[in-house]
Amino acid sequence: MRILFLFCFFVSYVASGQTCLPTFDTSAQTDEFVDNADGTVTDESLGLIWMRCSLGQTWVDETCTGDASELTWQQALQAAHGYEYAEQLGWRVPNMKELASLTERSCVRPAINELFFPNTSSDDYWTSTPSVIDPDRAWVIAFFNSSNSLKDKRLFVFTRLVKTAD
């Protein structure tokens, strides 16, 4: 009975929020990001500007509110085309290397820096990178544990947009 209690306590604790290893070197350094005070951050090392919220969420009072939208791969690409945010155009679905640069491998649930990307879903996010061997699939990054995999383009998945810094 005691083991069952400990197991249930551990599962409820882990499910309640982000868990990070304090002794593990962080992979997405905090000093690489600059808060633009408009719901975006700039990764100066890569020259990218990121939306702090997932598509469907709103930046309010220094956090992302509302539910993130789940889109098919084609819907995500279409939503990015002509998208205006923070009085800027040029937003796009990031490629696999770009989106993977946001993963925080020392953390899970979500595996991302929550200081800059609050309320990120611990689930898959589309990249613009299609499979080279299967035209029906594209790469996703899982912010559950910073893994990547191929998913059917017809599945509904979360999206975060990026643009190249001017």
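Read the figures in this text as sums done on the coordinates, not as results from a lab. None of the values given here were measured: they were computed from a predicted structure. Ideal geometry is used to build each Cβ from the backbone, glycine not excepted, and the neighbour counts take in all protein chains shown.
Numbers below:
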| item | result |
| --- | --- |
| Of Asn113, Trp59, Val132, farthest towards positive along the dipole that unit charges on Lys, Arg, Asp, Glu beta carbons give the stretch 31-164 | Val132 |
| Cβ-Cβ FRET estimate between Val132 and Ser69, R0 fixed at 25 Å, reported to 0.05 | 0.35 |
| Computed magnitude of the charge dipole of the stretch 31-164 (debye, nearest 20; Cβ of K, R +1, Cβ of D, E -1) | 580 debye |
| Unit charges on C-beta of K, R, D, E only; dipole of the stretch 117-166, Debye | 60 debye |
